[in-house]
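The values are calculated or read from the model by the stated rules, or taken from the named source; none is laboratory data. Since the structure is predicted, the reported quantities are computational estimates derived from the model, not experimental observations. No Cβ is skipped: glycine too gets one built from the backbone with ideal geometry, and neighbour counts run over all protein chains shown.
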Amino acid sequence: MSRIDPSRIPANLSALEMELAARHYRAARMGADIADLIVAAGRGLRRLAAAYRAWDERQQTIADLERLDDRSLADIGIERGEIASFAAGQLSRHDADEHLYVVGTVPAVAANSQTGGRVAA
């Protein structure tokens, strides 16, 4: 909360005028504090929504990968027990044939009939 500069207060204010000025200052300060609170709450809600979207995408990736057979998973470079780690981005694999690093991402598998035409990502 900012302070009032005493040099800016006129010396000839009556008690009533000073009371009104103080009330005006408090109201303006409370309005600014409420606005800051609303902005902070909006930021928190956006972060919460982003966290939920990331969780939902991981869950969808897990579900899509679990629908694949073991051979398809092997083609991607993961084993069935590694699906959750892979979806969370905690698993890295080096694909020697492609010379790529795959880190928590899933190549498009839309051509695979088990995914229902969706791309697992």
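Restricting the first member to segment 1-28 and to residues that are hydrophobic (A, V, I, L, M, F, W, C), and the second to residues that are in a loop (DSSP other than H, G, I, E, B) and modelled with pLDDT of 70 or more, the beta-carbon pairs closer than 8 Å and six or more apart or on different chains are Met18/Ile9; Ala21/Ile9; Ala21/Leu13.
Return the residue satisfying two criteria in turn: it lies in segment 47-60 and is of a type in the set (Lys, Arg) and within 16 Å of Ala87 (Cβ to Cβ), and of such residues it is surrounded by the fewest Cβ atoms within 10 Å (Cβ to Cβ).
Arg53
Checking each residue in segment 57-110 for being hydroxyl-bearing (Ser, Thr, Tyr) and at pLDDT 85 or above picks out Thr61, Ser72, Ser85. For segment 61-70, the criterion of being surrounded by fewer than 10 Cβ atoms within 10 Å (Cβ to Cβ), free of Cβ contacts under 8 Å to residues at least 24 places away in the same chain and not in a helix (DSSP H, G or I) is met by none of the residues.
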